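The structure appears below as structure tokens.
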Amino acid sequence: MSSPPKAPERIGVFATLRSTPAPVRYLLSGSMVNQLGAFVQGFLVLYLAQHGYSLSQAGIALTVYSAGAVAGTMAWGEFTHRLGPRTTIVTGMIASAGILAVIPVVSTTGRLPPLLGVIALAGFAGPSYRPAAAVMLSELMPAEHRVMAFSMQRIAFNIGAAVSPLIAGVLILVDWNLLFWFDAITAVLFAVIAARMLPATPAAACTEATEPGPHSGARAILRDRHFLLFLISMLITAVIWVQIFSTLPLSMAAQGYSTAFYSVILTIGSAVLVLFELKITTYVKDWDPGTAAVIGAVGLGLGLTGYALGGYGGATIVVASVVIVAGLMILGPTTFAYPSTFPPAVRARYIAAHQTTFGLGQALGPTVGVLTWTTVGAGIWPICGALGLLAALFAWKGLRPVLDSR
């Protein structure tokens with residue numbers, strides 16, 4: 001009698017880290033360095049207010065930056081397809097550094113249109129490395145470690161995001177303009193790391209002619225019904241996730257909580273993610289993407305619904321936040337790795353489409369959330385929970401049939 005097949009051996013965190021190729025470590029290090037100076041979105045409104053611009057003008061500037069970032073993500077995905085990942089990262093980071101360095105000069109003129117133009121370009125260049133980095137991760141990491149690679153990338157981003165506000169606080173004490181100059185320096189450092197340490201992998205466009213079929217060309221995404229359903233899921237996920245930063249502080253203030261406690265909630269969330277995501281990913285990486293996306297989206301929705309109970313004490317907000325982070329740890333690495341499983345001839349375009357959609361959700365989310373909050377108050381949280389279930393449904397419909405056909 002034959003014995004049942006053994007379950008695949010689970011590879012631990014440290015074993016995965018030891019097997020990570022050196023170029024991937026340089027790529028993640030460069031991403032983290034760049035994130036240390038990612039001040040524009042977080043401090044642009046305050047910076048412009050310090051320079052005499054009205055809050056409405058500063059809000060317009062932030063919207064313009066977000067719009068530029070959404071357009072830029074798709075464009076840089078196309079550049080990655082045609083130029084290759086390393087060239088795209090170097091070009092994009094040098095361009096970003098030059099534009100960031102100009103913002104303090106233009107802001108002193110008091111003229112809004114030129115300033116908005118420069119800020120739009122900064123938004124366009126800012127995400128230039130993201131599609132290229134995702135393509136490079138998918139090419140350099142073995143397939144069995146691909147989800148772990150994207151989890152490590154998320155950890156690198158979050159470490160940089162956790163430290164950057166502390167750096168910004170010090171720079172502001174000296175000169176507000178240092179925010180943009182330091183950001184430019186980190187972009188240049190990333191460009192140097194990419195130029196010297198990353199391999200010159202060929203552009204996918206060079207091999208496109210040798211890989212004909214239904215996945216050839218940019219129109220493949222529009223014809224891919226399953227992937228479009230997946231993108232709808234990611235759009236909804238981004239819209240509800242960003243409420244943590246736009247609507248939650250309003251909700252907590254209405255419930256009588258201090259700004260300091262809101263900061264504690266954000267710190268707890270970041271700490272849980274940094275400490276536990278890699279370990280959780282060692283289990284989740286062996287799930288099919290549909291299961292991970294559904295469970296993660298449901299967890300995100302349940303956690304957001306829990307914020308409606310914030311009036312019963314701070315512990316409920318802490319628990320809800322931990323549930324949200326757990327959902328994100330299950331959802332994030334898998335869904336960000338999924339577009340990298342497509343053929344090399346279209347991989348950069350699929351990755352860019354995913355990241356652009358997620359970025360669009362992040363850009364729309366604050367406006368949608370605040371409008372909903374002013375209309376229904378705490379009722380926004382059950383709505384987010386329902387949207388989480390809807391995102392799970394679209395993810396299942398988008399991912400499951402594809403997996404069954406492969």
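The values are calculated or read from the model by the stated rules, or taken from the named source; none is laboratory data. Treat the numbers as computed from the prediction; the structure is a model and nothing was measured. Using ideal geometry, Cβ is built from the backbone for each residue, glycine included, and neighbour counts are taken over all protein chains shown. Heavy atoms of the whole protein, side chains included, go into the accessibility calculation; ligands, DNA and RNA do not. Shrake-Rupley method; radii C 1.70, N 1.55, O 1.52, S 1.80 Å.
Within the range 360-370, the set of residues being in contact (Cβ under 8 Å) with a residue 24 or more places away in the chain and either open to solvent by 20 Å² or more (accessible area, probe 1.4 Å) or on the phi > 0 side of the Ramachandran plot (or both) comprises 360, 362, 363, 364, 366, 368, 370. If the condition is being within 21 Å of residue 126 (Cα to Cα) and of a type in the set (Gly, Ala, Ser), then the range 170-202 contributes 184, 187, 191, 194, 195.
For the criterion of being farther than 30 Å from residue 140 by Cα and at pLDDT 90 or above, residue 304 passes. In summary, residue 147 fulfils each of the numbered conditions (1) within 28 Å of residue 280 (Cβ to Cβ); (2) surrounded by fewer than 23 Cβ atoms within 10 Å (Cβ to Cβ) with the single exception of condition (2). Tell me whether the range 76-93 contains one or more residues that are within 26 Å of residue 361 (Cα to Cα), open to solvent by 20 Å² or more (accessible area, probe 1.4 Å) and of a type in the set (Gly, Ala, Ser). Checking the range 76-93: not a single residue is within 26 Å of residue 361 (Cα to Cα), open to solvent by 20 Å² or more (accessible area, probe 1.4 Å) and of a type in the set (Gly, Ala, Ser).
Restricting attention to the range 343-358, the residues that are at pLDDT below 90 and either surrounded by fewer than 21 Cβ atoms within 10 Å (Cβ to Cβ) or closer than 21 Å to residue 288 by Cβ (or both) add up to 3. When restricted to residues that are modelled with pLDDT of 95 or more and not in a helix (DSSP H, G or I), the range 308-327 contains 0. Could you say whether any residue in the range 371-380 is assigned to a helix (DSSP H, G or I) and surrounded by 21 or more Cβ atoms within 10 Å (Cβ to Cβ)? Yes, because at least one residue in the range 371-380 is assigned to a helix (DSSP H, G or I) and surrounded by 21 or more Cβ atoms within 10 Å (Cβ to Cβ).
Between 64, 70, 45, the distinction of being farther than 13 Å from residue 119 by Cβ and either surrounded by fewer than 22 Cβ atoms within 10 Å (Cβ to Cβ) or within 16 Å of the chain's Cα centre (by Cα) (or both) belongs to 70 only.
Given the structure, is residue 332 of a type in the set (Gly, Ala, Ser) and open to solvent by 40 Å² or more (accessible area, probe 1.4 Å)? So residue 332 does not fit the description; no.
The residues of the range 246-286 that are more than 20 Å from the chain's Cα centre (by Cα), among the β-branched types (Val, Ile, Thr) and surrounded by 15 or more Cβ atoms within 10 Å (Cβ to Cβ), listed by number, are 264, 282. Among the criteria (1) open to solvent by 60 Å² or more (accessible area, probe 1.4 Å); (2) within 24 Å of residue 165 (Cβ to Cβ), the one residue 109 does not fulfil is (2).
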